[in-house]
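Here is the structure we will look at.
The values are calculated or read from the model by the stated rules, or taken from the named source; none is laboratory data. The structure presented is a predicted model; accordingly, all values stated were derived computationally and were not measured. Here the Cβ is made from the backbone with ideal geometry for all residues, glycine too, and neighbour counts use every protein chain on show.
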Amino acid sequence: MISRVSQIIPVALVALLLACSVNAQEWTRFRGPNGSGMSSATTVPVQFSPSDYNWRVELPGIGHSSPVLWGNKIYVTSAEEDKGKRHLICLNAADGKSYWTKTYEFKKFNHHEYNSSASSTPTVDADGVYITWATPDSISVLAFDHSGKELWKRDLGKLAIQHGGGTSPIVVGNVVIMGVYQEEPTAEGFLIGMDRKTGDTIWKKPRARMTGAAYATPLLYTPKSGPVEVVFTCSAHGMTSLDPKTGDLNWEVPGIFNLRCVASPVIAGDLIFATAGIGSGERQAVAVRPGSKQNKVEGKVEYKLQRGPSNVPTPVVVGDRIFAWGDGGIVTCLNAKTGDQIWQERVGGNFFGSPVCINGKLYAMSAKGENVVIEAGDQFKLLGRTDLGEPSNSTPAVAGGVMYLRTVSHLISIGGKRAYVH
């Protein structure tokens with residue numbers, strides 16, 4: 001059950017104010033449209049307090065996944081680890097009330113202290129929502145329609161990685177795509193495309209064992225000529241581009257990472273920028289110029305950074321600038337074309353969720369539970385810092401002019417048609 005924690009303004013008023021805006025934009029996957037983390041919303045405040053919340057609801061247990069939205073429905077996962085129960089929860093975006101919850105039992109397992117049993121972000125389209133549940137014994141992909149009916153379930157085998165699951169799926173047309181990366185030589189690693197209506201395998205591509213498994217969510221890249229490509233990063237294969245319909249290889253740039261790829265790759269103009277790292281602080285970053293199967297051109301490294309700017313948080317690209325929010329609270333602004341540093345400043349705190357850009361401002365939640373906002377410009381400017389009252393390892397979602405913040409055990413709605421003056 002989801003318990004109501006606070007109802008700041010009347011439900012009827014929220015529903016009226018948000019009814020039009022909720023459908024204006026879907027946030028369908030980790031970091032929204034193609035994982036870019038970009039929103040043009042002008043109705044999200046940079047500084048706020050609990051009295052400004054549209055609503056705040058408690059979720060069962062804990063989780064680090066981010067919410068996704070389709071129409072007036074929000075989907076988020078959570079886990080009661082002590083009870084061995086995991087939940088897919090569907091909420092009304094206008095008032096936070098529950099539409100339905102699907103609950104699955106699992107055997108409690110060890111994972112990294114900064115991970116959880118509900119860290120993978122769902123993906124959603126017009127027909128349904130798709131999630132992945134991971135334990136050492138099994139990594140499963142499940143599909144539901146918007147009324148909560150389970151459509152299919154696939155068991156993809158065991159997951160032999162040290163820190164637990166966390167890879168999120170994406171949907172490309174009729175294909176649900178994700179990577180399964182392994183650290184044990186006896187476990188099968190692979191990239192897979194599944195029919196979104198049946199769960200049947202459309203294509204499957206093996207991945208070599210790696211010393212540090214990847215968690216990066218795939219990226220869609222559309223060349224100037226030719227069909228859309230899906231791009232993956234991992235230490236064993238570097239950067240790989242496949243045809244999302246068939247799984248056929250377009251191009252690959254191997255040997256560019258020897259650390260764990262946690263952050264997702266991002267499009268930076270004509271390049272694809274990606275990072276890697278490990279908990280001890282070693283970091284890598286590389287910008288790749290995509291290849292072209294059609295023109296028989298190999299992908300190549302455009303530049304590397306001697307010291308990568310981030311590990312877990314995925315960077316944001318705004319124009320010709322890359323903003324990398326480091327795990328230790330150091331934000332770096334780079335020239336996307338050259339990799340040259342424009343500025344670097346410390347905002348304080350530790351960060352495992354990724355930043356998003358809303359109307360030219362970067363929003364990120366610290367592990368302590370502060371929502372920090374800075375200007376996405378050529379000079380560092382701190383705009384706001386709000387204590388959310390609870391830790392968070394998640395990434396904001398934005399749809400219909402409203403921002404949704406997930407702390408470990410709560411979901412918060414802020415912004416929209418209401419006028420904010422701070």
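Computed quantities for the displayed model
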| item | result |
| --- | --- |
| All positions within segment 66-89 that are farther than 15 Å from S409 by Cα and not charged (D, E, K, R) | V68, L69, W70, G71, N72, I74, G84 |
| Qualifying residue in segment 272-288 (condition: among the acidic types (D, E) and closer than 17 Å to A236 by Cα) | no |
| V408 vs. criteria closer than 28 Å to P218 by Cβ, crowded, with 22+ Cβ neighbours inside 10 Å and either modelled with pLDDT under 95 or out of contact with any Gly (no Cβ under 6 Å at 6 or more places or on another chain) (or both) | no |
| Pair list, Cβ < 8 Å and 6+ apart or interchain, from segment 149-161 residues that are modelled with pLDDT of 80 or more to residues that are exposed (fewer than 13 other Cβ atoms within 10 Å of the Cβ) and of a type in the set (A, V, I, L, M, F, W, C) | none |
| Test: residue in segment 4-16 that is modelled with pLDDT of 50 or more and in a strand (DSSP E or B) | no |
| Matching residues in segment 73-94 - criterion: being in contact with a strand residue (DSSP E or B) (Cβ under 6 Å, 6 or more places away or on another chain) and either hydroxyl-bearing (S, T, Y) or assigned to a loop (DSSP other than H, G, I, E, B) (or both) | Y75, T77, S78, G84, A93 |
| Number of the condition not met by F48 [criteria: (1) surrounded by 17 or more Cβ atoms within 10 Å (Cβ to Cβ); (2) in contact with a His (Cβ under 9 Å, 6 or more places away or on another chain); (3) at pLDDT 95 or above; (4) under 26 Å from S140 (Cβ atoms)] | (4) |
| Odd one out for F351 among (1) in contact with a Pro (Cβ under 7 Å, 6 or more places away or on another chain); (2) at pLDDT below 95; (3) of a type outside the set (G, A, S) | (2) |
| Residues of segment 276-324 that turn out to be within 20 Å of W251 (Cβ to Cβ) and among the hydroxyl-bearing types (S, T, Y), as a count | 2 |
| Lone qualifier among T42, T103 - being more than 22 Å from Y363 (Cα to Cα), β-branched (V, I, T) and out of contact with any helix residue (DSSP H, G or I) (no Cβ under 7 Å at 6 or more places or on another chain) | T103 |
| Extreme residue, farthest from I278 (Cα to Cα), among residues of segment 327-346 that are crowded, with 21+ Cβ neighbours inside 10 Å and modelled with pLDDT of 95 or more | A336 |
| Check on I177, touching a residue at least 60 places away in the same chain (Cβ under 8 Å), assigned to a strand (DSSP E or B) and touching a Gly at 6+ places or on another chain (Cβ under 7 Å) | yes |
| Subset of segment 120-144 that is surrounded by fewer than 24 Cβ atoms within 10 Å (Cβ to Cβ) and aromatic (F, W, Y) - its residue that is farthest from the chain's Cα centre (by Cα) | F144 |
| Selection count where residues are polar (S, T, N, Q), within 24 Å of G37 (Cβ to Cβ) and at pLDDT below 95, scope segment 279-319 | 3 |
| Residues located in segment 235-294, provided they are farther than 18 Å from G308 by Cβ and of a type in the set (K, R) | K245, R289, K293 |
